[in-house]
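One structure below.
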Amino acid sequence: MSDETIMRWDPYSLTRDDEFDTFWKAHVTERPRKLLLILGRGFDVRALATASRLKSAGAVLQIWLLAFDNGLADSPLRAKLTLDNYNGLVALFGEAAIKRIGIKIGGPAGSAATSRNTQAAIKGAGSCSGFDDVVIDISAMPRMVALTAVAQILYNLDQMAKTGGPNVNLHVTTAESVAADLGAQGGSLSDAVTLVAGFSGQLTAQGTENWPRVWFPVLGERQHERLDLIRTEVDPDEICPVIPFPTRNARRGDEIVNEHRAILFDEFQIEPKNVLLACEYNPFEAYKQLFQAMDRYRRALNKLGGCKAFVSPVSSKLLSIGVLLACYDHKYGQISGPPLDVGIPYVETAVYGDPDQGTEPEFELYSMWIRGEWEV
């Protein structure tokens, strides 16, 4: 182990919107590439954004379609939107290219069923060793499925390369739109906090029960209920809320603070100096900001025996990837001294309402190159 903490995604590779097409056209024409696209079978109107743009770039794809089942019947509108998306995918690539992978989501109170079921489904789908590039499009995935899928496949590919296997590229894409995210938020939440499998943060470990707990909630709109449930479960000694800034809408960060002012400063009694900022439109900058903040606590509190850190991505999916990378790097990266076993607590949606996203929402398409050739 090096005496120096090295951040894995510094520098990084990120393409956005118009650059997406330029990057992928160059990438797939540079040499013959076998690509695997993993995406969600969902109702979100952005579900086919990555698939259609990759098709336009000339990519030839095999597809793993993650099909979620929470045991409840879909409404007529959600069922129609989901079927329309599936038929659109078939029209792009043909049914023979699509492998359906079922995932049961939800579970009893206190369980990590969705994350563990996603892990099992990914493992059971087969090896990625035969592909040059794996692309995970999280645009239409539930948050726990998306975070688990990215973490699991990143870990699998890292381990494969370390043991002499092929160095497979991993990319994560998402169609980013605050308005579309809000339009998909209808429904009701679970009453239980769950954790991403492999990222428990030793929440219930008795041997470390006296270690101080630091919680980093990464904030978005309309998150009072989630925040209250997670705070009760984690019972933190210190809270460092993370506000998206800079943002496309210059006032968004202020509006999020104002919306949550009562719960943050009156109920949670957060010190203003503990508020952190994370770039809304660059997940790698958000990763660095979060990683460094967690590392300051790690270094300071390791001298007193240790600490526990928890990060809750109740913001955009783009920022959620920044959260995951920060936690992954603390757990598996080149850390000087004892690493943090970081937890990622979240509250899932229990019952989905009908979305109100419009038919053609504006969004920006992001592609994050997470591992592979650029690291060599």
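The values are calculated or read from the model by the stated rules, or taken from the named source; none is laboratory data. From a predicted model like this one, the values you see are computed outputs, not experimental measurements. Ideal geometry is used to build each Cβ from the backbone, glycine not excepted, and the neighbour counts take in all protein chains shown. Note: accessible area is taken over every heavy atom of the protein model, side chains too, but ligands, DNA and RNA are not part of it. Shrake-Rupley method; radii C 1.70, N 1.55, O 1.52, S 1.80 Å.
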Next item on the list: Output yes when any residue across segment 48-61 is at negative phi, of a type in the set (K, R) and touching a helix residue (DSSP H, G or I) at 6+ places or on another chain (Cβ under 8 Å), and no when none is.
Entry: yes
Notebook entry, point to check: (1) touching a strand residue (DSSP E or B) at 6+ places or on another chain (Cβ under 7 Å); (2) modelled with pLDDT under 90; (3) farther than 30 Å from D44 by Cβ: which one isn't true of L304, the others all being true?
Noted result: (1)
Next item on the list: Being in contact (Cβ under 8 Å) with a residue 24 or more places away in the chain, charged (D, E, K, R) and farther than 20 Å from D181 by Cα is the filter here, so list the residues in segment 20-54 that pass it.
Entry: D21, K25, R33, K34, R53
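Kindly establish whether C307 is under 16 Å from G201 (Cβ atoms), of a type outside the set (D, E), surrounded by 22 or more Cβ atoms within 10 Å (Cβ to Cβ) and touching a residue at least 12 places away in the same chain (Cβ under 8 Å).
Details: under 16 Å from G201 (Cβ atoms): yes; of a type outside the set (D, E): yes; surrounded by 22 or more Cβ atoms within 10 Å (Cβ to Cβ): no; touching a residue at least 12 places away in the same chain (Cβ under 8 Å): yes.
Answer is no for this residue.
Examine segment 282-292 for a residue that is modelled with pLDDT of 90 or more, in a loop (DSSP other than H, G, I, E, B) and not hydrophobic (A, V, I, L, M, F, W, C), and state whether such a residue exists.
Within segment 282-292, the first condition is being modelled with pLDDT of 90 or more, and the residues that meet it are 282-292.
Narrowing further to those that are in a loop (DSSP other than H, G, I, E, B): 282.
Now narrow it down to the ones that are not hydrophobic (A, V, I, L, M, F, W, C): 282.
Within segment 282-292 (the criterion being modelled with pLDDT of 90 or more, in a loop (DSSP other than H, G, I, E, B) and not hydrophobic (A, V, I, L, M, F, W, C)), the answer is yes, since at least one residue qualifies.
So in segment 213-226, with the set limited to residues that are open to solvent by 30 Å² or more (accessible area, probe 1.4 Å) and either under 20 Å from L277 (Cβ atoms) or outside any loop (DSSP other than H, G, I, E, B) (or both), which one is modelled with the lowest pLDDT? If you could, list the steps in order and put the result at the bottom.
Just the residues of segment 213-226 that are open to solvent by 30 Å² or more (accessible area, probe 1.4 Å), to begin with: 213, 221-222, 224-225.
Remaining after also requiring either under 20 Å from L277 (Cβ atoms) or outside any loop (DSSP other than H, G, I, E, B) (or both): 213, 221, 224-225.
Working: R213: 95, E221: 88, H224: 91, E225: 92.
Out of the qualifying residues, it is E221.
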Next item on the list: Search segment 149-163 for residues being open to solvent by less than 10 Å² (accessible area, probe 1.4 Å) and touching a Lys or Arg at 6+ places or on another chain (Cβ under 8 Å), and hand back the single one that is farthest from V347 (Cα to Cα).
Entry: L157
Next item on the list: Working only within segment 154-178, note down all residues that are within 18 Å of Y366 (Cβ to Cβ), touching a helix residue (DSSP H, G or I) at 6+ places or on another chain (Cβ under 7 Å) and of a type in the set (A, V, I, L, M).
Entry: L154, L170, V172, A175
Checklist line | Hits in segment 62-81 (condition: open to solvent by less than 10 Å² (accessible area, probe 1.4 Å) and without any contact (Cβ under 8 Å) to a residue 60 or more places away in the chain) | finding: I63, L65, A67
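I'm trying to understand the selection: among the residues of segment 52-61, which are assigned to a loop (DSSP other than H, G, I, E, B) and either surrounded by 17 or more Cβ atoms within 10 Å (Cβ to Cβ) or under 25 Å from the mean Cα position of the chain (by Cα) (or both)?
Within segment 52-61, the first condition is being assigned to a loop (DSSP other than H, G, I, E, B), and the residues that meet it are 57-60.
The answer is A57, A59.
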Next item on the list: Residues being open to solvent by less than 50 Å² (accessible area, probe 1.4 Å) and within 15 Å of H330 (Cβ to Cβ): count how many of those fall in segment 201-212.
Entry: 1
Item checked: Conditions (1) touching a Leu at 6+ places or on another chain (Cβ under 9 Å); (2) open to solvent by less than 20 Å² (accessible area, probe 1.4 Å); (3) free of Cβ contacts under 8 Å to residues at least 60 places away in the same chain; number of the one not met by P244 -> (3)
Check: Quick one: would you say P313 is within 26 Å of K104 (Cβ to Cβ), open to solvent by less than 10 Å² (accessible area, probe 1.4 Å) and either at pLDDT below 85 or part of a strand (DSSP E or B) (or both)?
Finding: yes
Notebook entry, point to check: Within segment 82-121, which residues are among the aliphatic types (A, V, I, L, M), modelled with pLDDT under 95 and open to solvent by less than 30 Å² (accessible area, probe 1.4 Å)?
Noted result: I105, A112, A113
Next item on the list: Name the residue, out of F20, F43, that is open to solvent by 20 Å² or more (accessible area, probe 1.4 Å) and more than 26 Å from K331 (Cβ to Cβ).
Entry: F43
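Being of a type in the set (S, T, Y) and closer than 21 Å to W24 by Cβ narrows it down to one of T163, T173, so name that one.
Details: T163 fails: closer than 21 Å to W24 by Cβ.
Within the list T163, T173, the selection yields T173.
For R231, state whether it is open to solvent by 20 Å² or more (accessible area, probe 1.4 Å) and in contact with an Asp or Glu (Cβ under 8 Å, 6 or more places away or on another chain). Working first, answer last.
Details: open to solvent by 20 Å² or more (accessible area, probe 1.4 Å): yes; in contact with an Asp or Glu (Cβ under 8 Å, 6 or more places away or on another chain): no.
No: the conditions fail for R231.
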